[in-house]
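Below you'll find the structure, written out as structure tokens, and then a few comments.
The values are calculated or read from the model by the stated rules, or taken from the named source; none is laboratory data. If you're wondering where the values come from, they're calculated on a predicted model, not measured in any experiment. Every residue, glycine among them, receives a Cβ derived from its backbone with ideal geometry; neighbour counts consider all protein chains shown. Accessible surface is based on the protein model in full, side chains and every heavy atom, while ligands, DNA and RNA are left aside. Shrake-Rupley method; radii C 1.70, N 1.55, O 1.52, S 1.80 Å.
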Amino acid sequence: MGKLFDRLNEDYRFREGLNACINCGTCTAICPAAEFYKYDPRIITDTVQSKNEEAIEELLKGDTIWYCGECMSCVTRCPRKNAPGLIIMALRSLSMDTGLFIHSEKGRQQYALTVALNNNILNYGYCVYPRTFKYKSHPEYGPVGKWIEENLEAVHKKVGSNLDGDGPGILRKIPDEDLKELKDIFDATGATKRMETIEMYSIERAKALGMSREEYLNHIFTTTLKEHHR
Amino acid sequence: MNINGKKKIWSEYQKEIPEDHYFYVRSCIRQNFFPASEKLFLEIVRERLSLDFFETEHHTTCGGIAYHSDTIPQETVMTIVARQFALMTEAGYKNYVASCITSFGLYTEILDTWHHFPELESKIRDYLWKTTKREFQKPEYLAHASDVVYKLRNKIASQAKYKLVNKDTGEPLKVVEHIGCHYSKMFPSKGVGGAEYPYVLTGMIEAWGGEIVDYPERRHCCGFGFRQYLVQANRGYSISNTHKKFESMAPFKPDMIITNCPGCPYFLDRWQYVIKEMEGKTYGENGEGIPVFTYEEVAGLVLGYDPWYLGMQMHQTAVEPLLDKIGIKYNKEEKYLL
């Protein structure tokens, strides 16, 4: 596995995000996640700057690194120019690259996110695409959202979209040659490898639980068994 | 509150914004949920103000939502962004304007990282060449679309049909603004008014006749949190943060909310509906919600566009209470007419 701190330090976000934490706790005071979850960005930052390999491995295996919302409120307020949000991004990447994400309930959710977002990008060229954003999975979309879904083409035509149409415009069809470029970028820069790593660990986990791929995806998308909240 | 003191500090966070000749890129979330806002933005700049804003069908997502959900590596998102810059370069533009705050924050972060680590920029240029045979110049100017509307706010005001004023009392409407975390929390100098004294939306509201409400949780996140909304099991995080903002703004009795981020208007709109369903609680007058708008929608209303042309039938929280306060004419029967 190599020294985890050294691997973290290869990540540009880690180098930009970690200067010298003075443990003042300002990041925790401003953090929306710290109010909701049992989460403390000050402790995360202090742990990684300690270079304690065992403690870092615990972070990579645990739920806490997945509590951050990456709003970056901490970046504005840190008096020593640390960026706990960037440190979190480096920790999450290493957790996925090493397969340690599979040890935590929140980490395992990465499979559902990867399948949804990366397939939207590769298949349609958008992170969010209306034909895959379903009211059933998003009841907060409300009755209006249900009406939009049931009348998707007509609603978008009415408000001026170019849904799946040629040429520029709102929700146009991204040409195939551009989607191919995105796929080539994914292959060359590590996104495809990340997807394969997450898939491999997740399918193993699903098998161990006696679930099909679809049952496992639904399980991690909808269910939390552990108490994560304050 | 010492308004003069705040205005002095705000003035230190101004930035020069070019008016014309932009390469325009769209927002994934806004195209889904507030599509007419992008339509109106281009209509205002191109047709009303005769400015040059170019769009190509070959641009794609910047990958920002996936990046901040940690499903793609930094080098992947940087190469996708480099490809967008290459499209700008090929089209002959130097000013780049993003419709999305997540994109704007990401572009700002990437340009800053390349500045500090030029070897990484070289690596990304290699990736881009190997995968697409494209090359790029970095933008000379990077704007968010709200920066452009802020710059043009007085020209829009000069064509206004309505003001953000209560037609019965003659008082300015009380407006809550929400600029979105990634507009300026990471790089305060890149946003009008910075992160602490946000002025990009405030400037619009003042120019169009309204009055901004300063409330304790003005700068608090809307609650998107990427994975904290996108995974159903995590949505308690999202609604709890939105709830905190509404509880904080409620005593000030705002008439409306204006936003410039893609996700924020969705969450501030939809979670109001959910809070009403869960707790029976509403934050506006007469058991209604507080209407939530994009800045283009507000510009469209003051310019006299029909609310349904502006896509306001796609909101869950009804906008009619605000339309009635201003005295905007609309046809109730046509709201859901297709």
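Placing R0 at 25 angstrom, the Cβ-Cβ distance between A:N52 and A:K193 gives a FRET efficiency of 0.30 after rounding to 0.05. Seen against the Cα atoms of chain B and their longest principal axis, helix B:101-116 is set at about 30 degrees. Sparsely packed loop sites in the stretch B:302-338 (the trypsin sites (Lys or Arg not before Pro) outside DSSP H, G, I, E and B with at most 15 other Cβ atoms within 10 Å) comprise B:K329, B:K335.
Please label the shape of chain A as rounded, prolate or oblate, based on the square roots a ≥ b ≥ c of the eigenvalues of the alpha-carbon gyration tensor (a/c under 1.5 means rounded; beyond that, a/b larger than b/c means prolate, else oblate).
prolate
According to the Cα-based calculation, Rg over Rh for the stretch A:4-99 is 0.92, with Rh computed by the Kirkwood formula. Here the Gaussian network model covers chain B, with springs between Cα atoms less than 10 Å apart; of B:Y141, B:Y199, B:Y107, B:Y141 fluctuates the most.
Listed cross-link partners A:K81/A:K106; A:K146/B:K39; B:K94/B:K335; B:K15/B:K138; B:K253/B:K335; A:K51/B:K130 are compared with a 30 Å cut-off, the Cα-Cα value being larger for B:K94/B:K335; A:K51/B:K130. In this simple spin-label model, placing a label point 7 Å from the Cα along the Cα-to-Cβ direction at both B:A160 and A:S212 gives a separation of 5.8 nm. Calculated accessible area for chain B comes out at 34 Å² per residue, all protein chains present (probe 1.4 Å; ligands, DNA, RNA ignored).
Within the protein assembly as shown, the proportion of Cα pairs with more than 40 Å between them is 20 percent. Beyond 24 Å, what share of the Cα-Cα pairs of chain B is found? Please give it as a whole percent. Summing the P(r) of chain B above 24 Å gives 55 percent of all pairs. Between the stretch A:60-123 and the stretch B:241-279, the alpha-carbon centres lie 26 Å apart. The distance from the alpha carbon centre of the stretch B:112-156 to that of the stretch A:144-210 is 24 Å, rounded to a whole number.
Please compute how much accessible surface disappears when A pairs with B, both sides summed, using a 1.4 Å probe, and round it to the nearest 100 Å².
7200 Å²
Cβ screening of chain B for cysteine pairs under 4.7 Å finds these without a partner: B:C62, B:C100. Here the stretch B:160-329 was treated as a single set of alpha-carbon atoms; its pair distances binned every 5 Å from 0 give 1, 9, 18, 23, 21, 15, 9, 3, 1, 0 percent. Taken along its three principal axes, the alpha carbon spread of the stretch A:107-222 comes to 49, 38, 19 Å, from the longest extent down to the shortest. Tell me the accessible surface of A:E227 in square angstrom (1.4 angstrom probe, heavy atoms of protein chains only), to the nearest ten. Its heavy atoms expose roughly 110 Å² to the probe. Taking the C-alpha atoms only, the angle from helix B:74-91 to the longest principal axis of chain B is near 90 degrees.
Could you work out what % of the accessible surface of the stretch A:107-222 is carbon and sulfur, using a 1.4 angstrom probe and leaving DNA, RNA and ligands out of the count? Taking all protein chains in place, the stretch A:107-222 shows 53 percent carbon and sulfur surface. Compute the FRET efficiency between A:N123 and B:Q137 as 1/(1 + (r/R0)^6), taking r as their Cβ-Cβ distance and R0 = 30 Å, and round to the nearest 0.05. According to the calculation, E is roughly 0.50. Treating the angle as unsigned and between 0 and 90°, give the value, to the nearest 10°, between the Cα long axis of helix A:41-50 and the longest Cα principal axis of chain A. Once rounded, one gets 50 degrees. Between A:S137 and B:D20, with labels modelled 7 Å along Cα→Cβ, what's the label distance in nm to one decimal, could you check? The two pseudo-label positions are separated by 4.6 nm.
Peptide A:71-84 is shielded by partner chain Cβ atoms: per residue, an average of 4 of them sit within 10 Å of its Cβ.
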